[in-house]
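> Pasting a structure below so you can have a look.
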Amino acid sequence: MEIKSLELQNFRNYPELKIEFDEKTNIIYGDNAQGKTNILESVYLCATSRSHKGAKDREMIRFGEEEAHIKMIICKNGLDHRIDMHIRKSKSKGIAIDGIPIRKASELFGLIHVIIFSPEDLSMVKNGPAERRRFMDLELCQLDRLYTSQLSAYNKVLADRNRILKDIWVKPEYEEILPLYDIKLVNYGKYIIEARKKFLMDLNDIVKDIHASLTGGKEELVLSYEPNVSSERFDEELLRGAERDRHQKLTLTGPHRDDICFLSNGIDLRKYGSQGQQRSAALSLKLAEIELVKSQSKEYPVLLLDDVLSELDSSRQENLLGRINHIQTLLTCTGLDEFVKNRFSINKIFHVMDNKAGGYQ
Ligand SMILES: Nc1ncnc2c1ncn2[C@@H]1O[C@H](COP(=O)(O)OP(=O)(O)O)[C@@H](O)[C@H]1O
Ligand SMILES: [Mg+2]
């Protein structure tokens, strides 16, 4: 699996951009705010139909323009495919694969798998549960064909249910419809809980060895899913919490309150880990994610590394780079520091400046 080229038109700060990537390591460097992350965002968007930053379509269109285009040529199983994306201000985006328009973004599923690794991921263990849920969701949307639709249906029902809880005091007729929302919430929620449970079990199987090698055998990392409620008891608990929900005018039971626990030698890293331990655990998790994708889809994903090297000390850098040198990587950084030149084979370098990306081998 490989991305061969990328063409942008009026995407973020780029009026026009064309890049041909190497099949291995590509470095995109330049000063801050030059548009490095924007390039990775366009790749992520074209592969998954969503921005990894959660940006809305209209925000990604170049200021003052009405629409943006992304064209990406990828190679899968020896065959080239073209993905065209047409982003519009007030309509949903149009996507075509090999020139044939697709009706649902989910038809992109399975074409190309990308994993993005940004400084926010490195703070995932330290930060709040929302970031850890985001990690599960971003990956599961690519690994599990049904997950995206179940998750968006769940989020919609949840928002509707919360609106009902807010208004039920003044609109007693809502009493009758609330149970219908409960049924839907449980139905979609169960799928999400089960998918996350399996995902974390699979990751946990892989992460142990990776983390042991990253920490020189000093730490044993155990990942576990902390569901707010189990799928078996979701309906029961939702009912039990009904009064509390009404009182707080908010749905307090369900996978929208899930978390992931990181135990290292039995210690909860979220609360008691040092910054270094928290970062190592996050790094191990992302490395495990790469191996999980490989084991499930039989191919390595394309890796997007956004400014993470500068956040890691040299031994962690080496560990990361040593593990990914056989995978196509698009890596951004602000300078071509010695560490990159000396320890890592770079196949292609792009310098981003003034809304252009000049490439040289
Ligand atoms: N919709 C947009 N239209 C034009 N420029 C944009 C748009 N969105 C962001 N930008 C510009 O992109 C730049 C930031 O790009 P980014 O990729 O985050 O930079 P970095 O190289 O630091 O990763 C900023 O200068 C910002 O003004
Ligand atoms: Mg950036």
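Every residue, every condition in (1) over 23 Å from the mean Cα position of the chain (by Cα); (2) of a type outside the set (F, W, Y), yes or no:
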| position | (1), (2) |
| --- | --- |
| L252 | yes, yes |
| H256 | no, yes |
| Y272 | yes, no |
| V293 | no, yes |
| L309 | no, yes |
| E318 | yes, yes |
| N325 | no, yes |
| L330 | no, yes |
| G335 | yes, yes |
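> Which one is nearest to N319 (Cα to Cα), of the residues in the range 165-197 that are without any contact (Cβ under 8 Å) to a residue 12 or more places away in the chain and surrounded by 14 or more Cβ atoms within 10 Å (Cβ to Cβ)?
Filtering the range 165-197 for residues that are without any contact (Cβ under 8 Å) to a residue 12 or more places away in the chain and surrounded by 14 or more Cβ atoms within 10 Å (Cβ to Cβ), the one nearest to N319 (Cα to Cα) comes out as N187.
> Could I ask something else about it? Does V302 fit the bill of being buried (at least 19 other Cβ atoms within 10 Å of the Cβ), at pLDDT below 90 and more than 16 Å from ligand 2 (Cβ to nearest atom)?
So V302 does not fit the description; no.
> Being within 13 Å of ligand 2 (Cβ to nearest atom), assigned to a loop (DSSP other than H, G, I, E, B) and polar (S, T, N, Q) is the filter here; which residues of the range 1-56 pass it?
Passing the criteria: N13, N32, Q34.
> Related question: Those residues that are more than 17 Å from V114 (Cα to Cα) and either away from ligand 1 (no atom under 16 Å from the Cβ) or assigned to a loop (DSSP other than H, G, I, E, B) (or both), I need them from the range 285-314; list them, please.
Hits for the range 285-314 are L312, D313, S314.
> Take the residues in the range 148-164 that are crowded, with 21+ Cβ neighbours inside 10 Å and of a type outside the set (V, I, T); name whichever of them is farthest from K184 (Cα to Cα).
Only one residue fits best here, namely L151.
> What is the one condition in (1) loosely packed, with under 15 Cβ neighbours inside 10 Å; (2) within 18 Å of D121 (Cα to Cα); (3) hydroxyl-bearing (S, T, Y) that S284 does not satisfy?
(1)
> Next question. Report yes if Y225 is part of a helix (DSSP H, G or I) and of a type in the set (S, T, Y), otherwise no.
When the stated conditions are applied, Y225 does not pass them.
> Against the condition more than 16 Å from ligand 1 (Cβ to nearest atom), in a helix (DSSP H, G or I), modelled with pLDDT under 90 and surrounded by 14 or more Cβ atoms within 10 Å (Cβ to Cβ), how does N342 come out, does it pass?
For N342, the condition - more than 16 Å from ligand 1 (Cβ to nearest atom), in a helix (DSSP H, G or I), modelled with pLDDT under 90 and surrounded by 14 or more Cβ atoms within 10 Å (Cβ to Cβ) - is not met.
> Hey, any hits in the range 156-176 for a residue that's more than 29 Å from D268 (Cβ to Cβ), away from ligand 1 (no atom under 16 Å from the Cβ) and aromatic (F, W, Y)?
Scanning the range 156-176, I find at least one residue that is more than 29 Å from D268 (Cβ to Cβ), away from ligand 1 (no atom under 16 Å from the Cβ) and aromatic (F, W, Y), so the answer is yes.
> Also: Being surrounded by fewer than 22 Cβ atoms within 10 Å (Cβ to Cβ) and within 18 Å of L304 (Cβ to Cβ) is the filter here; which residues of the range 105-121 pass it?
L108, L111, S118, P119, E120
> Among the residues of the range 51-70 satisfying the criterion of being surrounded by fewer than 19 Cβ atoms within 10 Å (Cβ to Cβ) and under 19 Å from the mean Cα position of the chain (by Cα), which is nearest to ligand 1 (Cβ to nearest atom)?
Applying the filter and picking the extreme gives E59.
> Within the range 90-118, which residues are more than 16 Å from ligand 1 (Cβ to nearest atom) and in a strand (DSSP E or B)?
Across the range 90-118, the qualifying residues are G94, I95, A96, I97, I100, P101, I102, V114, I115.
> For D121, which of the numbered conditions (1) assigned to a helix (DSSP H, G or I); (2) away from ligand 1 (no atom under 16 Å from the Cβ); (3) not assigned by TED's automatic domain parsing to the domain that holds I327 fails to hold?
(2)
> Identify, please: which residue in the range 315-332 is polar (S, T, N, Q) and assigned to a helix (DSSP H, G or I) and is, among those, nearest to ligand 2 (Cβ to nearest atom)?
Of everything passing the filter in the range 315-332, Q317 is nearest to ligand 2 (Cβ to nearest atom).
> Here is a list: I73, I83, I87. Which entry is in the same structural domain as F11 (by TED's automatic domain parsing), within 16 Å of ligand 1 (Cβ to nearest atom), in a strand (DSSP E or B) and over 28 Å from Q277 (Cα atoms)?
Testing whether each residue is in the same structural domain as F11 (by TED's automatic domain parsing), within 16 Å of ligand 1 (Cβ to nearest atom), in a strand (DSSP E or B) and over 28 Å from Q277 (Cα atoms) leaves just I87.
> Would you mind telling me which numbered condition in (1) in contact (Cβ under 8 Å) with a residue 40 or more places away in the chain; (2) within 16 Å of ligand 2 (Cβ to nearest atom) I73 fails?
Going through the list (1) in contact (Cβ under 8 Å) with a residue 40 or more places away in the chain; (2) within 16 Å of ligand 2 (Cβ to nearest atom), I73 breaks only (2).
The values are calculated or read from the model by the stated rules, or taken from the named source; none is laboratory data. A quick note: this is a predicted structure, and the numbers were derived from the prediction, not measured. Counting neighbours? That spans all protein chains shown, and the Cβs are built from the backbone with ideal geometry, glycine included.
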